[in-house]
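The values are calculated or read from the model by the stated rules, or taken from the named source; none is laboratory data. Here the structure is a predicted model, which means the values were calculated and not measured. All Cβ positions, even for glycine, are placed from backbone atoms using ideal geometry, and neighbour counts span all protein chains on display.
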Amino acid sequence: MSQHPQPKYAIRPIVPEAVYTNRKEHLNYLHQTALNAIERRSMSVVLLGQRRMGKTEIFKRGVNRLFFEQEHHADIHRSVVPVYYSFKDTVSDKWDFSIDYVENFIRWYVAFRLRDLTILSTTDVTQEGVIEFLRNHLDQFKELESALNFYEGFLKKNVTMPEDKALSLPRRVSDWHEATIVMFLDEFQNTRLPQYNFDVVGLMQEAVESPTCPHFVTGSAMSILAKEILGRGSLFGRFESEPIEEMTPYWGTQLALKSATYYHAVTSDTMAPVIAERCGCNPFYITSVVRQSAKLNKPLTDETVLNEILAVDLSSGFIWSELNDQVSRWIARINEYNITKWVL
C-alpha cells in the first residue's frame, strides 16, 4: 500500500525530542498495561491530571511505542493493536461521529497489521480506498469483515443506534477473534457535550469492560472527567486511575535548561530551579516562560526579569492563550441555559 516514505511516528508528538523530559514512569505503565492485555490481565485506565501536564503527549508516545516496538504484527494473538482517537469538542450529529470512529478504528488496525502508515492518511487513502482495500484483502483481515459491513452500513445510514454500534465495534472484533486491541481515547470529557446534545458516556459501559480491548482515556477537563463522567453513573468503578502530577523540582529544572537550549534563551543553573518553582513545575508553563524569554530577547538572569516575563506571558503570551482557551471552553460547556456568559 505504501507509496510515500514512511514517517517516524504513527501519530506525531508535539513536544520536540530535545525538550521532552522524564515521563518514563507513565509511559512504561501504559506500555506494560497494554502488553498485559494479551494475557487478559488488564482493565481500562484513566490518565488523570490537571490541564497541560503532558497527558496527550504521553498518549501519543505510548501509541508510537506500541506501534513500532512490537515484533508480532502479523499474529493477532501475540500483539496489541494500538488505536488512537481524539473526541472532538464540536459534534455535528451521531452519524458523523459514528462513521469517523469506525473509519479511524479500521485505519489504525490495518496500519498496525501491515506496519504501513499510508492508510492513516485520509488524503492518501479515501473512504472508498479503505473499503476497496479491505474487500481485496479479506483473506488477510478476516477479523475485520464485520467492521467493514458495519462501516458500509453507516455510510448508507441503515444502522440502528449507530453511536452504540460504533463504540462497541473494537470490543466486538477483539472478543470474537481473540485479538488484543487497546483504544487510546483523548479528550474523553467530550463524550458528554451538553451544549451540542451529544452524550455517549452511557453507551461505553460494555465497551470499556472488555479484557480483550481495554480503553485508555484522558482529557483536558479534569473535574468533568473525574466527577461527572468516571466518578458516577455507568462508568463508575470501571477504570484504574493513573494520576499524573507536576514534575519534581529536579525534572522541572532539567526541563527549564533543556528548553532554554532548544529555544535559544539564556538562563543559568541557579535560575533554572527558580523558573521551575515559580511555574509550579508545570511543563507547559516552564516551556512558555522560556519561549517568552527568547521571544523578548531577555535573558533569565534574575527574579526581576523572571517577574517581568511572567507578567507578559500571563497577560498576552502563551500562558494567557492557554488559560483563555480553557475558560472559554468551560463557559461554552456549562452554558446550557444561556445564562452563564451573562452572569460571568
Condition met for Thr90 (touching a residue at least 12 places away in the same chain (Cβ under 8 Å) and surrounded by fewer than 16 Cβ atoms within 10 Å (Cβ to Cβ)): yes
Residue under evaluation Gly252, criteria (1) within 24 Å of Ala111 (Cβ to Cβ); (2) buried (at least 20 other Cβ atoms within 10 Å of the Cβ), criterion not met: (1)
Residue that is surrounded by fewer than 18 Cβ atoms within 10 Å (Cβ to Cβ), of a type in the set (D, E, K, R) and under 28 Å from Phe188 (Cα atoms), where the choices are Glu308, Glu277, Glu246, Glu240: Glu240
Residue that is among the hydroxyl-bearing types (Ser, Thr, Tyr) and modelled with pLDDT of 90 or more, where the choices are Ser223, Ser210: Ser210
Single match in Glu206, Glu187, Glu178, Glu163 (criterion: farther than 20 Å from Arg107 by Cβ, acidic (Asp, Glu) and touching a Lys or Arg at 6+ places or on another chain (Cβ under 8 Å)): Glu206
Residue in the range 65-83 that is in the same structural domain as Ala226 (by TED's automatic domain parsing), under 28 Å from Val200 (Cβ atoms) and among the small types (Gly, Ala, Ser) present: no
Out of Ser168, Ser146, sole residue that is within 21 Å of the chain's Cα centre (by Cα), closer than 22 Å to His215 by Cα and among the polar types (S, T, N, Q): Ser168
Checking Val217 against (1) buried (at least 22 other Cβ atoms within 10 Å of the Cβ); (2) without any contact (Cβ under 8 Å) to a residue 60 or more places away in the chain, the condition it does not meet: (2)
Condition check for Pro162: at pLDDT 90 or above, in the same structural domain as Val63 (by TED's automatic domain parsing) and closer than 23 Å to Val45 by Cβ: no
Lys55, sole failed condition from (1) among the basic types (Lys, Arg); (2) more than 17 Å from Tyr84 (Cα to Cα); (3) in contact with a Leu (Cβ under 6 Å, 6 or more places away or on another chain): (2)
Residue in the range 286-294 that is outside any helix (DSSP H, G or I), closer than 21 Å to Glu17 by Cβ and not hydroxyl-bearing (Ser, Thr, Tyr) present: no
Filtered residue count, the range 248-275, keeping only those that are part of a helix (DSSP H, G or I), closer than 18 Å to Ala18 by Cα and not aromatic (Phe, Trp, Tyr): 11
